[in-house]
Amino acid sequence: MEAIGTLVIGAGVVGLAIARALARSGRPVVIVESAKTIGSATSSRNSEVIHAGIYYPQASLKAHLCVAGAKQLYTYCDDRGIAHRRTGKLIVATEESDVPALDTIADRAMAAGVDTLRRLTASDISHLEPEVRGIAGLYSPATGIVDSHRLMVSLLGEAEAAGAVLSLATRVVSARLGDEHHEISIQSAEGVSVYRAEEIINCAGLEATALAQRFIGLPPGAVPHPYFCKGSYFAYTGAAPFQRLVYPVPSAAGLGIHATLDLGGQVRFGPDTEWVATVDYTVDPERRADFARAIARYYPAIDPHKLQPGYAGIRPKLHGPGTGPADFRIDGPKDHGIAGLVCLYGIESPGLTAAFAIAERVARMLAPGLTPAFKRQV
């Protein structure tokens, strides 16, 4: 049985960051990705925003990893010339009932160590973004945008330079977990083969929970129930009405239909929230009217005819409709009792921002790493 050392399942931005970190630590890393390209699901179907870490409850993984990851991400992009921009972001209250949410965000930001938020009056909002209407707001100067594809290409390149190997169109069928090593059934174009691995990192995104359910040896109750929340985006034709990102106060399932910029300066709006049972990336043009109504709350001059269907993404969530937001779950040996196994569940926003910090956390969970005997064999 062939040995493959450390197996990273999933080549999205988080999987690639993990593979890079582990390969640079000296591990023999193999990355398998079920799609034909890297980062084709959640990692490329989002707003490409570098979040400051201002939304999440104190002591949550999302708060801690987002704040740490944002600093690392900006430094990485600066050092390697990856396109990004600190655009800044306005969070806008359009009704008095929205104002308490601003207070909550400000309190959470301070608790997470983000002390750059600035309170905005209606006059401040008009000065910063004349087209935006709001009675109060917050300004986050640390928020930005990044070329997520170029980022992933760079992460893969550095992982491969450290010895990692990527296999596309390759799917993990099942795994039998053991005390000293794990047997992995992997399907590729050549058929199904069984490999021996000492470490498995399940960061398969939308497929992570379904895959973990096929891991023989995980204790009962170790795998959470998954929920899929679809978010559609509409592009806005013509000149951009904003210079910064503009967000409403967040909703229960997301951050609301917000205005983001791409690195070319074009505006897109989204995502909305639609709970779904299956993965479907079709954007329904009939959602335009709902988008226009939501956007008009903070951008009254919107022309609905300029809204054109863009793309959609699916967020892997650990909470369903009508329940409060859930934190990331990064389960290691101390959680499920299986040596050499880390499973990542519910890695939605701010997963892109937090990727480097997530990778560091996974590496610490796996310390001290492969056994000397196994290293000699691979």
How much accessible surface area, in Å² rounded to 10, belongs to the heavy atoms of M365 with a 1.4 Å probe? 50
With all protein chains present and a 1.4 Å probe, how do S44, S123, S148 order by accessible area, largest first? S123, S44, S148
Quick check: the angle from helix 13-24's long axis to the longest principal axis of the chain, C-alpha only, nearest 10 degrees? 40
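To the nearest 0.05, what FRET efficiency results for D262 and V194 with a Förster distance of 35 Å applied to their C-beta separation?
Details: r = 44 Å, r/R0 = 1.25.
The pair D262/V194 has a calculated efficiency of 0.20.
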Spelling out what I want: for every residue of the stretch 66-80, take phi, set θ = phi - 60°, compute 6.51 cos²θ - 1.76 cosθ + 1.60 (Karplus), and round to whole Hz; glycine and proline get x. 5, 4, 5, x, 4, 4, 5, 5, 4, 5, 4, 5, 4, 5, 10
Options (1) 22.7; (2) 21.5; (3) 26.2 - which one matches Kirkwood radius over Cα pairs in Å as calculated here: (2)
Residues of the stretch 272-288 with backbone nitrogen within less than 18 Å of a virtual label 7 Å along the Cα-to-Cβ line of A210, please, listed as ranges. 275-282
Total formal charge among the other residues, if their Cβ is under 9 angstrom from that of P141, Lys/Arg +1 and Asp/Glu -1: +3
Could you list which residues have their amide H under 5 Å from that of K230, counting only those 5 or more apart in sequence or on another chain, with H placed in the peptide plane? E274, W275, V276, R315
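Express the carbon and sulfur contribution to the solvent-accessible surface of the chain as a percent, rounded to the nearest whole number, probe 1.4 angstrom. Don't skip to the end; give the middle numbers.
Values: 8200 of 15890 Å².
Whole-percent figure for carbon plus sulfur exposure: 52.
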Per residue solvent-accessible surface (Å²) - the chain, probe of 1.4 Å: 42
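Report the extension gain between D280 and S40 in nm, rounded to one decimal, defined as 0.36 nm multiplied by the number of residues separating them, less their alpha carbon distance. It would help to have the intermediate numbers written out before the result.
Numbers: separation 240, 0.36 × 240 = 86.40 nm, distance 1.33 nm.
Extra length from D280 to S40 when fully extended: 85.1 nm.
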Calculated [θ] (222 nm, deg cm²/dmol) that DSSP helices of n ≥ 4 give over the chain, each run adding -39,500 (n - 2.57): -8500 deg cm²/dmol
Can you work out the Karplus-derived ³J(HN,Hα) for every residue in the stretch 136-143? Use 6.51 cos²θ - 1.76 cosθ + 1.60 with θ = phi - 60°, whole Hz, and x for glycine or proline. 6, x, 10, 10, 10, x, 7, 6
How far, in degrees from 0 to 90, does helix 148-161 lean away from the longest principal axis of the Cα atoms of the chain, to the nearest 10? 20
Taking amide H atoms as placed 1.01 Å from N in the peptide plane, list the residues 5 or more away in sequence, or in a different chain, whose amide H sits under 5 Å from that of L341. I200
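Determine the order of K334, K36 by accessible area, beginning with the largest, at a probe radius of 1.4 Å.
On the way: K334 205, K36 170 Å².
Putting K334, K36 in descending order of accessible area: K334, K36.
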With θ set to phi - 60°, apply the Karplus curve 6.51 cos²θ - 1.76 cosθ + 1.60 along the stretch 343-358 and write out the HN-Hα couplings as whole Hz, x wherever there is a Gly or Pro. 10, 10, 10, x, 8, 9, 4, x, x, 4, 4, 8, 3, 5, 5, 4
Just to be sure I understand: if I project the alpha-carbon convex hull of the stretch 92-142 onto a plane and average over all orientations, what area do I get in nm²? 3.3
Normalised by the residues of the stretch 1-145, what does the relative contact order come to in percent, with Cα pairs under 8 Å and at least six apart? 24
State, to one decimal in nm, how far the label point of D179 lies from the label point of M110, with both points 7 Å from Cα in the Cβ direction. 5.3
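Dipole size in debye (nearest 20) for the chain around its Cα centre, Lys and Arg Cβ +1, Asp and Glu Cβ -1?
380
Using alpha-carbon pairs under 8 Å, 6+ residues apart, how would you state the relative contact order of the chain in percent? Numbers along the way, then the final one.
Values: 856 pairs, mean separation 93.0, N = 378.
Once divided by the residue count of the chain, the mean separation gives 25 percent.
The values are calculated or read from the model by the stated rules, or taken from the named source; none is laboratory data. The structure displayed is predicted, hence computed values, not measured ones. For neighbour counting, all protein chains shown are included, and Cβ atoms are generated from backbone atoms with ideal geometry for every residue, glycine included. We work out accessible area using only protein heavy atoms, side chains counted, and drop any ligands, DNA or RNA first. Shrake-Rupley method; radii C 1.70, N 1.55, O 1.52, S 1.80 Å.
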